[in-house]
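First comes the structure, then the notes that go with it.
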Amino acid sequence: MRTLTCFALALTLGSTLACSKPDERITQSVKDRLAADSIVHGYRIDVTTDQKVVSVAGTVDTTVAKDQALSIVRGTPGVLDVRDHISVRDNEATYGWLKKSSGAIGTTGRR
């Protein structure tokens, strides 16, 4: 009975470790691709993977950087889905545009 219990424990532990290996490889691959990209390499973007679903979080300066980061993640082999928690930092250009347009998205700013 004890041998059977030890075997079951080893099997469970082995399958847990085996399942986490692909996630670790995906996480590392995403991190490497982000670091190699000329647009997003300067930003700190946290990457975690759970059952091939990648979560990315951080702050970037532009929507271009955010879109590029998400494109890289989605294009990484093995990724089934992406959870986006990347925010775009407000900057002077965005603030000025929103002030001129009364904060309404899709307006020209004319009254």
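Computed from the coordinates by the stated procedures, all read-outs in this text should not be read as laboratory data. Note that the coordinates shown come from a computational prediction; the quantities given were computed from them, not determined experimentally. Note that we place each Cβ from the backbone using ideal geometry, even for glycine, and neighbour counts take in every protein chain shown.
Quick notes on this one:
- Each other residue within a Cβ distance under 13 Å of Lys31 adds +1 if Lys or Arg and -1 if Asp or Glu, for a net charge of -2.
- Per-bin percent of Cα-Cα distances, the range 21-100 [5 Å]: 3, 16, 27, 22, 14, 8, 5, 4, 1, 0, 0
- Simple label model, 7 Å out from Cα along Cβ direction - Ala57 to Ser87, nm: 1.1
- Over the range 21-100, relative contact order from alpha-carbon pairs under 8 Å, at least 6 apart, %: 30
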